[in-house]
Amino acid sequence: NRLMENTLEMFVRTCKRLAVHRQFGREIWSVPCDRAQIEQVLLNLLINAWQAMPDGGDIYLETKTVVLGEIDCRAYDIRPGLYVTISVTDNGTGMTKEVQQQVFDPFFTTKGAKGQGLGQPIVYNTVIRARGALNVESNENETKFLIYIPVFQPEKSK
């Protein structure tokens, strides 16, 4: 949560026309990710949300700790257990189904010459390397990225 707040503080200073709404869980566990990588994930998601709302809008951030069972994990090919979730939702222009299917592909962009198409692949690779999962849902007025990262579990000695 502190990392989210620090990243938001920097982001909000440059994006005055956005309203950022926070709902952070009380007991968020540690995750096995580098701090700078998580900051980069958040910045990539926030910047894309901002660009989807050229006239301003709302961004909703939420964190919580959840337990995922076997059925929940099948769709993502991850192990059941304790996960931290981070969701970033905006009320921007949204994405078509076709764009949603390609959003994590390297060099895919809807921004023409202005875009490099590397932000979302960085998000994807960071989450997958942490043995987590992510999902994107979008319609014409809202886009939500939901990230699952397993909590840090010290290895048990035998």
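Within the set Pro80, Pro106, the sole residue that is at pLDDT 85 or above, open to solvent by 60 Å² or more (accessible area, probe 1.4 Å), touching a helix residue (DSSP H, G or I) at 6+ places or on another chain (Cβ under 6 Å) and not charged (D, E, K, R) turns out to be Pro80.
Being within 15 Å of Thr89 (Cα to Cα) and among the aliphatic types (A, V, I, L, M): is that true of Ala52 here?
Working: within 15 Å of Thr89 (Cα to Cα): yes; among the aliphatic types (A, V, I, L, M): yes.
For Ala52, the condition - within 15 Å of Thr89 (Cα to Cα) and among the aliphatic types (A, V, I, L, M) - is met.
What about Gln37, is it open to solvent by 40 Å² or more (accessible area, probe 1.4 Å) and modelled with pLDDT of 90 or more? Reasoning before the result, please.
Working: open to solvent by 40 Å² or more (accessible area, probe 1.4 Å): yes; modelled with pLDDT of 90 or more: yes.
When the stated conditions are applied, Gln37 passes them.
Check Val20, Val88, Val66 and return the single one that is within 20 Å of Phe152 (Cβ to Cβ), touching a strand residue (DSSP E or B) at 6+ places or on another chain (Cβ under 9 Å) and modelled with pLDDT of 90 or more.
Numbers: Val20 fails: within 20 Å of Phe152 (Cβ to Cβ); Val88 fails: within 20 Å of Phe152 (Cβ to Cβ).
Testing whether each residue is within 20 Å of Phe152 (Cβ to Cβ), touching a strand residue (DSSP E or B) at 6+ places or on another chain (Cβ under 9 Å) and modelled with pLDDT of 90 or more leaves just Val66.
Restricting Ile28, Ile47 to residues that are open to solvent by less than 80 Å² (accessible area, probe 1.4 Å) and within 18 Å of Ile149 (Cβ to Cβ) narrows the list to Ile28.
Taken as a whole, the range 32-41 holds at least one residue that is within 15 Å of Asn135 (Cα to Cα) and in contact with a strand residue (DSSP E or B) (Cβ under 8 Å, 6 or more places away or on another chain).
Residue count for the range 8-26 under the criterion of being under 26 Å from Val67 (Cα atoms) and not aromatic (Phe, Trp, Tyr): the result is 5. A Cβ distance below 6 Å, combined with a sequence gap of six or more or placement on separate chains, defines the contacts here; from the range 118-140, residues that are on the phi > 0 side of the Ramachandran plot reach residues that are at pLDDT 90 or above and open to solvent by 20 Å² or more (accessible area, probe 1.4 Å) in the pairs Arg131/Pro150.
The values are calculated or read from the model by the stated rules, or taken from the named source; none is laboratory data. Since this is a predicted model, take the numbers as computed values, not measurements. Neighbour counts are summed over all protein chains in view; Cβ atoms, including those assigned to glycine, are modelled from backbone coordinates with ideal geometry. When the accessible area is computed, the model is the full protein with side chains, heavy atoms only, and any ligands, DNA or RNA have been set aside. Shrake-Rupley method; radii C 1.70, N 1.55, O 1.52, S 1.80 Å.
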